[in-house]
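Take a look at the structure below.
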Amino acid sequence: MGKNDHLYCAHAYNMAKEEYLFYNLKKGYVKQITEAKHLYLGSRFKYWEEEVKQGETTKSVLNRMANEHHIDVTVCGYHGRKGEKEDPTVMGSAVQFMAQEAGSPILIVKDGLTRKKSPDGFYKYGILIDGSKQSLIGLDLLIRMAQP
């Protein structure tokens, strides 16, 4: 992140499912930990939360929140919470929805590889381009993200 960039975290939750979640996935804990981890950003960090109402889905609420706040880049985690798939290239429905419906470029983060686990201590970024305008925009975005 650049020194003038802002980080916004949108959390859609469902109170009807709250009692079945592990403690570290409950609404209050997620908010507390997320805000604590980003204190250093000061006013450049905002945490939004919204309950998923009857007839809505988590993915549609998150997408709407991103659009309402004019987000420049949407980052979506792909964690496979429902278990491994036969084909590891198949995304879950929420990630697939965001990839198709997001009103901004979307960065999908597949796993939690840390620098400690990386053999050389560095991340390797890759982008696939086909020469189209959209893929070149994606390449430009990744280059800007990699800059200090």
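For segment 49-61, take each phi angle, set θ = phi - 60°, evaluate the Karplus expression 6.51 cos²θ - 1.76 cosθ + 1.60, and give the result in whole Hz per residue in order, putting x for glycine and proline.
9, 8, 7, 6, 8, 3, x, 9, 10, 4, 5, 6, 5
Taking the beta-carbon count within 10 Å as an exposure proxy, list 30, 95, 109 from fewest neighbours to most.
Details: 30 17, 95 20, 109 12.
Ranking 30, 95, 109 by Cβ neighbours within 10 Å, fewest first, gives 109, 30, 95.
Rounded to the nearest 0.05, what FRET efficiency do residue 104 and residue 34 have when you use their Cβ-Cβ distance and R0 = 22 Å?
0.60
Collect residues whose amide H, placed 1.01 Å from N in the peptide plane, falls under 5 Å from the amide H of residue 11; neighbours closer than 5 in sequence don't count.
Amide H neighbours of residue 11, under 5 Å, 5+ apart: 48, 49, 50.
Order 99-107, 63-71 from most to least packed using the mean count of other Cβ atoms within 10 Å. Each step should come with its number before you reach the end.
Details: 99-107: 14.8, 63-71: 16.4.
The packing order, highest mean first, is 63-71, 99-107.
A short reminder: the numbers here are calculations on the coordinates, not readings from a lab. Small disclaimer: the values here were computed from a predicted structure and weren't measured. All Cβ positions, glycine included, derive from the backbone under ideal geometry; neighbour counts span all protein chains shown.
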